[in-house]
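Peer 1: Please read through the structure below; I'll follow up with questions.
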């Protein structure tokens, strides 16, 4: 990378791939969840992730770049962990599975929060104010998703899992 703008574009490609990977994984996680509340959180996040991808496409357009992906190894690893949970708990219908899915999901959310926070800051530094606003909107949605998972875990899933 020669400059911050090139780094910014490369990391946009990385998170664009991450969102694409996540859109493939979330339906599996929703299907595996035993709690209706958790299923709903995953299903809602699918819709938000689709919008987030569209926002990224708008940012690419603003930069006169075509939306393309650069394999996000971090998301690939995080989703591999989630898939391993699903394999281990394949026939389980317990709150322990849901607790594990929440843990895996929060790892993903925290990665996204770190990435979108960085991208927003770089966009501001580079003078891409519209892009910064779009990235801030997504960042806020990721914070909301993490908060929803935390509340679901604390109020519903973890107490049930502790009783099993």
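Peer 1: Apply 1/(1 + (r/R0)^6) to the Cβ-Cβ distance of residue 24 and residue 144, taking R0 = 22 Å, and write down the FRET efficiency to the nearest 0.05.
Peer 2: 0.50
Peer 1: Got the relative contact order for region 101-164 handy, in percent, Cα pairs under 8 Å and 6 or more residues apart?
Peer 2: Once divided by the residue count of region 101-164, the mean separation gives 37 percent.
Peer 1: Is it possible to state the helix-based mean residue ellipticity at 222 nm for the chain, with each DSSP H run of 4+ residues giving -39500 (n - 2.57), the sum divided by total residues, to the nearest 500 deg cm²/dmol? What is it?
Peer 2: Roughly -28500 deg cm²/dmol at 222 nm, from the helical runs in the chain.
Peer 1: Let me know the volume per residue of the alpha-carbon convex hull for the chain, in Å³.
Peer 2: Expressed per residue, the convex hull around the Cα atoms of the chain is 94 Å³.
Peer 1: Another one. Rank-order 7-17, 122-132 by packing density, defined as the average count of other C-beta atoms within 10 Å over each peptide's residues, highest first.
Peer 2: Ranking the peptides 7-17, 122-132 by packing returns 7-17, 122-132.
Peer 1: Relative contact order of the chain: what whole-number percent is it, with Cα pairs under 8 angstrom and at least 6 residues apart? If you can, show how the numbers build up before the last one.
Peer 2: Values: 173 pairs, mean separation 46.9, N = 164.
It comes to 29 percent, rounded to a whole number.
Any read-out appearing in this document is the output of simple, stated calculations on the displayed coordinates, not a laboratory observation. None of the values given here were measured: they were computed from a predicted structure. Neighbour counts run over all protein chains shown; Cβ positions are idealised from the backbone, glycine included.
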